[in-house]
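A short worksheet on the structure shown next.
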Amino acid sequence: MPMVLLECDKDIPERSKHIYLKVEGEDQRDFLPISNAATIPGTLSERGCAFCGAKLVIGGVLKDTIQMIHGPIGCAYDTWHTKRYPTDNGHFNMKYVWSTDMKESHIVFGGEKRLEKSINEAFDEMPDIKRMFVYTTCPTALIGDDIKAVAKKVMQERPDVDIFCCECPGFAGVSQSKGHHVLNINWINEKVGTVEPEITSEYTMNFIGDFNIQGDTQLLDQYWKRLGIQVVAHFTGNGTYDDLRAMHKAQLNVVNCARSSGYIANELKKQYGIPRLDIDSWGFSYMAEGIRKICSFFGIEERGEKLIAEEYAKWKPQLDWYKERLQGTKMAIWTGGPRLWHWTKSVEDDLGVQVVAMSSKFGHQEDVEKVIARGGAGTYYIDDGNELEFFEIIDLVKPEVIFTGPRVGELVKKLHIPYVNGHGYHNGPYMGFEGFVNLARDMYNAKANPLLKLAATDIRGGNKAALKEAAE
Amino acid sequence: MGCEITTRERAGVINPMYDCQPAGAQYAGIGLKDSIPLVHGGQGCSMFVRLLFAQHFKENFDVASTSLHEDSAVFGGHMRIQEGILTLVRRYPQLRIIPVITTCSTEVIGDDVEGNIKYALDQIAKEFPGREVNVFAVHTPSFKSSQVGGYSECVLSTWKAIAKEKAPATGKLNIFPGWVNPGDVVLLKHYLKEFGVQGDIFMDTEDFDSPMLPDKSIHTHGRTTVEDIKASTGALASLSLARYEAASTVDFLKNTHGVPGHQIAAPYGIANTDAMLQKISEITGKPIPDSLVHERGVAIDALQDLAHMFFANKKVAIFGHPDLVIGLADFCTEVELEPTLLLLGDDNTRYKKDPRLLAMKEKVPYDMEVVCNADLWELEKRVKDGSKKYDLILGHSKGRYVAIDANIPMARVGFPTFDRAGLYRHPTMGYRGAMLLGEQIANAMFTHMEYTRDREWLLNTW
Amino acid sequence: MSEQQVKELFDYCQVRYLWQFFSRSWDREENIEGIVNAANDMFHGRVIKKHTPMERLFYADAKEMVKDFRENFPWIEQLEPTKITEILDGLKSMLREYTITKSLNHELNHSLY
């Protein structure tokens, strides 16, 4: 019975198609959980919407671009101050959010005029900024506002600006994933190839699917600089709008997050013949392997080996210090999707940690295939897990640390399980060699937290015992 | 000299001050015990609001979604309402209240929420005979009002749905504080206790600050029960402490059940708190207890050390919920701070006629500006272009970068305050709230003096 | 060919390499064919073609795989060249079976990305 019907799901038995317990000798030909399917209403799922998949995850990372959200105020308010993706220009992307602040009259009579005015105002208020993403939201999609026509009009009137339209209302698809898709595909079809980059190295690549969480991109950039590789575009960590228009000029696409950004790599291969190389940027052996592959592609293997040797010399002793102390730790990963397969084996190989349960919010079956291939037997694989399922799984596998978002982190705190922010990190970056030491340190500090022991102590029981002892 | 009340002129918003209506409704909904609000809309409409609550309180709150997908947008989402309600009722046996909160998308689609709730209730009656689950619609299209109105709307809808009958007289007071922190709820309860007056705080959010316990039990939820709501119709009187968040429900109790209602100024600052206590005394016939006179004295004593030495002539910009902003302006004037910019963040046209603002307009002895329907860009622009100088910013965490970039001391107050630890635990209301806020402001200024080497030696001997 | 040996290599690949799990069946087919063939050439000591970008990509992936196989499965060096080809062919068909023909992934054959 490898597909599991949890006790809490007895009234929604279809959930058993989403929860898999791997058994020795089984593989993905036998069982592959359903994923990227509609959520059952009222289950307290962890999923967000397509709009946030586009704006919050990908577009909003760009450091030189206004993010104009055409809709009521909430879509803007809610996708602001929820991410940790700094930039090297003072975090313009995290400081601001823009909304057309749709009101009832615009719903009734159409919001295109409102959008046009808001776009012009935004450019006027921030005269140094010349690039913009415009997003539809649920109500503006439902009333059928033509945001592309508005953008075109503004671009005609303001020749120095460029605007990209992303039409992915929150109800599109079943999760954030739809927003990733819409943004990827529209970007390559509309914007890639419209800017020619300045080429400064004979080795050029795009780095795709890394969003500079706590400086991931900037850390990895030091490696590429040392290797003499020019990154034409970062999709989209610490990236700029125009860099992304020049993606067609790179020789290689290196993909980290295949879920959010695999589409554009596929299209770049199909439309421009640029090969796609998938790597894992988390973990020592993975990172080294990725660097080796990139260097082999360019024929600069010696440079790669030198860098890996230097990094190992610097960071491996620290990693090993943590490995010694984390060996055998039971970990759960409840994040978006790809981090499940990026991390399950790397924490095992590099830190001796055992991943006992994993839940993906928006992974597709491709992600589930990867994670089941990489993960161990006796581990639970959950698609679109919900709150009651989490409680039950915790009882079943007793994780000692959970990598998840802050809200779920607050929930499991009450169960005396420490959490580490699996999305925005605790104290990152987590990518690269130095980054994985950071991850190990945060996991160790979480597990070693003395408060957990204090929380578990019932002082009434303790007092009684102490009194009894004193009496004897 | 004088006070000018203006409105944002731009169509678009840069850095909003408030979230949308459904967010406010969700905040009210989690204040109920054995309640899981069900948001009828896209998943983001509840997901991010839950995250926002988690950021502010460092706690998890349960809010469900009907997970509106494309087919529902085309064909209507009614089945998802029924399915959502039934799934919740089946999987959460203790559940007694489900506010069904609409959003922009489902209001545009025009789903028959009431009809679907009725169908679901029939189904519940069949499946769970004898089980009472209060399921009701809260209409909060995001393109109207803001989180402020959404909060008010959800409280009102809850009362309309549950407080249907006139209860026997309880002799208790209903206190509707509006959107406040657990620290404020604890303070109000303390006041009632000192008075020897029985009363209920609606919503009772005291447990939004909840413990880690040895038995691992989870107590993070509202405390306002179905019984409390039903009994509120038999109360001695209702007090609304927030004109824009609580008045509508107090009016409902008055008009439908004859419970005398009193709208008073939100008790921020000494005088507003005095007025509240005098009102409670007047309604209940009980004298203001000595202990509160003592607390009042302690607060004034503490503020006295700060006002004319550190606060006097300092220009303050304030933003946040309307009742809070207006209340804080009163507080500022009590301690010689000069509130020269007030920002109110939605298109409610009643703000301009608010008697408290009109009174300020009459008496303010320096230039003061009130911007309605404001965003935080209104603040940032004024700070950046140098046309106005501010010595202090009072507001929530969404404005943090204005203060950081311009290097202006900022005291976090209101909702959300995720970039400071534990603020939700402390009252802002009452004497104690005034004292704590005054001290928080002073300490923010002191730290700023030290980091900018601006007469930091002044504190060498203070 | 030893089925056991194929299975050992296959299990290693499954845990390790992302190229077998690309988005669509034709991408997976292209990778399996290109990379395992390049690996076979390496085991035979042939000069690897690196003219086109895709050839360089296969080379990069294959090189790591060959190194990993040599490190983890020392028996592979002892085999006759024809035997290696046989085993790698077995590996290819096993990869194909698991990730393409018998994969339960519903999205594998969508015509669009």
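The values are calculated or read from the model by the stated rules, or taken from the named source; none is laboratory data. Please read all numbers here as calculations on a predicted model, not as lab measurements. With ideal geometry, Cβ positions are generated from the backbone for all residues, glycine too; neighbour counts draw on all protein chains shown. In case anyone asks, the SASA skips ligands and DNA or RNA and just uses the protein heavy atoms, side chains included. Shrake-Rupley method; radii C 1.70, N 1.55, O 1.52, S 1.80 Å.
Restricting attention to the stretch A:15-38, the residues that are surrounded by fewer than 21 Cβ atoms within 10 Å (Cβ to Cβ) and within 11 Å of chain B (Cβ to nearest Cβ) add up to 2. Checked against the criteria, A:LYS293 does not count as open to solvent by 30 Å² or more (accessible area, probe 1.4 Å) and under 28 Å from the mean Cα position of the chain (by Cα). In the set B:MET368, B:MET410, which member is in contact (Cβ under 8 Å) with a residue 24 or more places away in the chain and either in contact with a Ser or Thr (Cβ under 7 Å, 6 or more places away or on another chain) or open to solvent by 20 Å² or more (accessible area, probe 1.4 Å) (or both)? When all the criteria are applied, what remains is B:MET368.
Restricting attention to the stretch B:371-407, and to residues there that are among the acidic types (Asp, Glu) and out of contact with any helix residue (DSSP H, G or I) (no Cβ under 6 Å at 6 or more places or on another chain), which single residue is surrounded by the fewest Cβ atoms within 10 Å (Cβ to Cβ)? Filtering the stretch B:371-407 for residues that are among the acidic types (Asp, Glu) and out of contact with any helix residue (DSSP H, G or I) (no Cβ under 6 Å at 6 or more places or on another chain), the one surrounded by the fewest Cβ atoms within 10 Å (Cβ to Cβ) comes out as B:ASP385.
Taken over the stretch B:373-394, the criterion of being on the phi > 0 side of the Ramachandran plot and under 26 Å from the mean Cα position of the chain (by Cα) is satisfied by B:ASN373 alone.
Residue pairs whose Cβ atoms lie under 6 Å apart, sitting 6 or more positions apart in sequence or on different chains, and linking a residue in the stretch B:306-322 that is on the phi > 0 side of the Ramachandran plot to a partner that is assigned to a loop (DSSP other than H, G, I, E, B), are B:GLY320/B:HIS396; B:GLY320/B:GLY414. Does the stretch B:53-62 hold any residues that are outside any loop (DSSP other than H, G, I, E, B) and either within 25 Å of B:HIS78 (Cα to Cα) or open to solvent by 10 Å² or more (accessible area, probe 1.4 Å) (or both), and which are they? Matches in the stretch B:53-62: B:GLN55 only.
Based on what the data block shows, is A:GLU369 open to solvent by less than 30 Å² (accessible area, probe 1.4 Å) and either touching a Pro at 6+ places or on another chain (Cβ under 7 Å) or away from chain C (no Cβ under 13 Å) (or both)? Considered against the rule, which asks whether it is open to solvent by less than 30 Å² (accessible area, probe 1.4 Å) and either touching a Pro at 6+ places or on another chain (Cβ under 7 Å) or away from chain C (no Cβ under 13 Å) (or both), A:GLU369 comes out as no. A single member of C:PHE58, C:PHE43 is of a type outside the set (D, E, K, R) and either over 26 Å from C:GLN4 (Cβ atoms) or open to solvent by 40 Å² or more (accessible area, probe 1.4 Å) (or both), and it is C:PHE58.
Comparison of C:ASN31, C:ASN40 shows that the only residue that is touching a Leu at 6+ places or on another chain (Cβ under 9 Å) and away from chain A (no Cβ under 11 Å) is C:ASN40. Taking the stretch B:10-44 as the range and being facing another protein chain (nearest Cβ under 7 Å), of a type in the set (D, E, K, R) and open to solvent by 10 Å² or more (accessible area, probe 1.4 Å) as the test, only B:ARG10 passes. Candidates are the residues of the stretch B:64-77 that are crowded, with 24+ Cβ neighbours inside 10 Å and part of a loop (DSSP other than H, G, I, E, B); the one that is farthest from the other protein chains (Cβ to nearest Cβ) is B:GLY77. Which one is nearest to the other protein chains (Cβ to nearest Cβ), of the residues in the stretch B:126-147 that are open to solvent by 60 Å² or more (accessible area, probe 1.4 Å) and at negative phi? That would be B:LYS144. Checking each residue in the stretch A:65-78 for being touching a Lys or Arg at 6+ places or on another chain (Cβ under 6 Å) and either at the interface with chain B (Cβ under 7 Å from one of its Cβ atoms) or open to solvent by 30 Å² or more (accessible area, probe 1.4 Å) (or both) picks out no residue at all.
Set side by side, the residues A:ASP124, A:ASP162 differ, and just one is open to solvent by 10 Å² or more (accessible area, probe 1.4 Å) and within 12 Å of chain B (Cβ to nearest Cβ), which is A:ASP124. Considered as a group, the residues in the stretch A:240-281 that are within 7 Å of chain C (Cβ to nearest Cβ) and open to solvent by 10 Å² or more (accessible area, probe 1.4 Å) include one that is nearest to A:VAL371 (Cα to Cα), and that residue is A:ASP278. Which of the residues belonging to the stretch A:400-417 are more than 11 Å from every other protein chain (Cβ to nearest Cβ) and open to solvent by 10 Å² or more (accessible area, probe 1.4 Å)? Residue satisfying the conditions is A:GLU400 alone. Scanning the stretch B:78-106 for residues that are among the aliphatic types (A, V, I, L, M), more than 7 Å from chain A (Cβ to nearest Cβ) and either surrounded by 24 or more Cβ atoms within 10 Å (Cβ to Cβ) or within 24 Å of the chain's Cα centre (by Cα) (or both) returns B:ILE81, B:VAL89, B:ILE97, B:ILE98, B:VAL100, B:ILE101.
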